[in-house]
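Student: Sharing a structure, written as structure tokens. Questions coming.
The values are calculated or read from the model by the stated rules, or taken from the named source; none is laboratory data. Just so we're clear, the structure is a prediction, and the values are computed from it rather than from any experiment. Note that we place each Cβ from the backbone using ideal geometry, even for glycine, and neighbour counts take in every protein chain shown.
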Ligand code: FAD
């Protein structure tokens with residue numbers, strides 16, 4: 001039986017970051033990974049989609065460069081090249097993670113791990129007929145795509161007509177048309193790429209809006225922009241069946257059929273705990289997610305769960321931070337997880353980035369809040385760089401404390417600006433203090449200063 005101080009199951013952002021942190025603290029660590037180090041994020045999530053979207057952005061800028069004095073002829077997109085570049089980027093980043101594990105003396109075990117029980121010395125884990133034991137266990141097994149019980153979906157997945165985000169990132173040839181089932185963040189990013197490069201994209205969404213819990217004005221604006229570019233949206237629509245070359249959905253009590261070359265199913269993700277052996281040590285789950293507290297502890301002392309598997313936020317940067325907190329708890333360093341200032345981004349073009357409460361969520365929580373909204377045309381940099389853009393920034397301010405509780409941005413660089421807004425929320429400084437922050441000029445980020453002065 002191999003002995004460790006900490007066993008980490010899952011080598012995604014939660015797992016590899018936990019392993020790195022624990023390793024650099026001098027603990028003897030093993031991380032188990034059954035597919036590929038880097039997890040969903042590096043191999044089939046955050047990074048691959050962003051390489052795709054960057055190619056789409058370059059293509060779109062080139063196509064529409066006329067008014068900026070840039071003209072080019074015979075502009076084409078080579079999708080196979082986009083995919084091979086994506087693979088190169090993934091290889092580079094996965095190699096970087098491997099290097100980090102080596103630097104921190106973490107043993108990487110490329111196998112599926114199963115928790116088998118506990119003894120006086122710790123928790124036992126089995127992988128490839130070997131036994132391992134450690135007094136501390138960090139579960140970071142992530143999530144998998146949800147597959148709803150739709151007639152014909154299983155057959156569609158088997159034939160390749162239907163794909164999840166995993167398979168679609170590897171297709172070498174663009175389909176002529178694509179139906180995206182689910183207009184959440186992943187669905188929209190994929191729809192954005194495929195639509196920009198010329199595929200006829202239709203999004204079918206069950207809710208009456210796209211982009212999930214995003215600020216409703218941002219959701220509407222984003223949809224409007226993509227509709228103008230030719231994307232078709234069917235909201236409040238439930239897909240009922242998938243055929244060989246079509247899908248059926250119900251909208252306003254009427255059944256509709258769309259013929260399509262390919263289908264992407266992106267209706268959410270569920271925590272991955274199948275075959276993990278949680279029951280052998282009695283780890284408590286609720287609707288499939290491992291229940292954790294503010295130190296990422298489960299109900300079993302010594303067992304932690306970080307990242308998508310606890311179902312709290314399902315974002316890579318949340319997984320990183322949760323891993324820090326779990327390891328800090330193990331080594332006795334004071335820390336705790338807060339979820340109030342977790343930024344979220346939709347990397348469409350334009351980007352949407354948010355942190356904190358939306359106007360709607362503040363209202364639902366009974367917070368007496370005001371919202372202040374300005375177009376990005378208040379930013380010189382934005383006007384210089386974007387032709388007739390309809391970006392905007394919305395702040396949500398608590399009237400009682402005069403503190404910023406939400407920031408929502410739609411426009412260029414939103415993803416890069418939002419961490420500054422998260423810092424503003426995290427530090428809980430009143431608006432009067434925030435007005436003293438100096439922003440570089442000209443930048444799109446200055447819009448936050450501008451809105452603060454309108455607050
Ligand atoms: P994962 O990355 O899912 O890693 C878990 C790992 O555990 C997997 O590699 C799995 O193989 C392994 N594993 C599972 N069970 C076992 C076992 N029994 N034994 C050994 N290994 C096991 N998030 C963002 O923040 N920004 C984005 O832009 C973004 N884009 C995304 C785009 C797509 C298409 C998708 C699908 C997701 C995206 N996400 C994004 C979400 C992000 O990928 C996840 O939040 C993140 O990967 C979660 O990290 P994790 O460590 O919890 O789990």
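Student: Just the residues that are closer than 30 Å to residue 64 by Cα and either assigned to a strand (DSSP E or B) or away from the ligand (no atom under 14 Å from the Cβ) (or both), please, taken from region 313-348.
Tutor: Correct list: 344, 345, 346.
Student: Is it true that some residue in region 315-329 is more than 14 Å from the chain's Cα centre (by Cα), at pLDDT 95 or above, on the phi > 0 side of the Ramachandran plot and surrounded by fewer than 20 Cβ atoms within 10 Å (Cβ to Cβ)?
Tutor: No, because not a single residue in region 315-329 is more than 14 Å from the chain's Cα centre (by Cα), at pLDDT 95 or above, on the phi > 0 side of the Ramachandran plot and surrounded by fewer than 20 Cβ atoms within 10 Å (Cβ to Cβ).
Student: Additional query: Would you mention how many residues in region 268-312 are near the ligand (Cβ under 8 Å from one of its atoms) and assigned to a helix (DSSP H, G or I)?
Tutor: 3
Student: Here's something else I'd like to know. Taking interchain pairs and intrachain pairs at least six residues apart, which have beta carbon atoms under 7 angstrom, with the first residue in region 109-121 and at positive phi and the second surrounded by 14 or more Cβ atoms within 10 Å (Cβ to Cβ) and outside any loop (DSSP other than H, G, I, E, B)?
Tutor: Close Cβ pairs (under 7 Å, with a partner that is surrounded by 14 or more Cβ atoms within 10 Å (Cβ to Cβ) and outside any loop (DSSP other than H, G, I, E, B)) amount to 117/124; 117/280.
Student: Could you check how many residues of region 3-35 are near the ligand (Cβ under 6 Å from one of its atoms), in contact (Cβ under 8 Å) with a residue 40 or more places away in the chain and part of a loop (DSSP other than H, G, I, E, B)? Please lay out each step first, then the result.
Tutor: Looking only at region 3-35, we keep the residues that are near the ligand (Cβ under 6 Å from one of its atoms), and these are 9-15, 32-35.
Applying the additional criterion that residues be in contact (Cβ under 8 Å) with a residue 40 or more places away in the chain yields 9-15, 32-34.
Going one step further and asking which of them are part of a loop (DSSP other than H, G, I, E, B), we end up with 10-12, 33-34.
Summing the residues that are near the ligand (Cβ under 6 Å from one of its atoms), in contact (Cβ under 8 Å) with a residue 40 or more places away in the chain and part of a loop (DSSP other than H, G, I, E, B) in region 3-35 gives 5.
Student: Could you identify the single residue in 204, 179 that is in contact (Cβ under 8 Å) with a residue 60 or more places away in the chain, away from the ligand (no atom under 11 Å from the Cβ) and closer than 30 Å to residue 60 by Cα? Don't jump to the end; show me each part of the working.
Tutor: Numbers: 204 fails: in contact (Cβ under 8 Å) with a residue 60 or more places away in the chain.
Criteria check complete, one pass: 179.
Student: Looking at (1) in contact with a helix residue (DSSP H, G or I) (Cβ under 7 Å, 6 or more places away or on another chain); (2) surrounded by 19 or more Cβ atoms within 10 Å (Cβ to Cβ); (3) more than 16 Å from residue 86 (Cβ to Cβ), find the lone condition where residue 193 falls short.
Tutor: Failing condition for residue 193: (3).
Student: Can you go through 366, 356 and tell me which one is more than 16 Å from the ligand (Cβ to nearest atom) and within 26 Å of the chain's Cα centre (by Cα)?
Tutor: Values: 366 fails: within 26 Å of the chain's Cα centre (by Cα).
When all the criteria are applied, what remains is 356.
Student: Of the residues 93, 157, which is more than 22 Å from residue 316 (Cα to Cα), within 16 Å of the ligand (Cβ to nearest atom) and in a helix (DSSP H, G or I)?
Tutor: On the way: 93 fails: more than 22 Å from residue 316 (Cα to Cα).
Of the residues listed, the single one that is more than 22 Å from residue 316 (Cα to Cα), within 16 Å of the ligand (Cβ to nearest atom) and in a helix (DSSP H, G or I) is 157.
Student: Suppose the filter is within 16 Å of the ligand (Cβ to nearest atom), closer than 30 Å to residue 302 by Cβ, free of Cβ contacts under 8 Å to residues at least 40 places away in the same chain and surrounded by fewer than 19 Cβ atoms within 10 Å (Cβ to Cβ); does residue 129 pass it?
Tutor: Numbers: within 16 Å of the ligand (Cβ to nearest atom): yes; closer than 30 Å to residue 302 by Cβ: yes; free of Cβ contacts under 8 Å to residues at least 40 places away in the same chain: yes; surrounded by fewer than 19 Cβ atoms within 10 Å (Cβ to Cβ): yes.
In short, yes.
Student: What are the residues in region 418-449 that are closer than 24 Å to residue 384 by Cα and touching a strand residue (DSSP E or B) at 6+ places or on another chain (Cβ under 6 Å), if any?
Tutor: Quick first cut of region 418-449, residues closer than 24 Å to residue 384 by Cα only: 418-421, 437-449.
Listed by number, the residues that qualify are 418, 421, 447.
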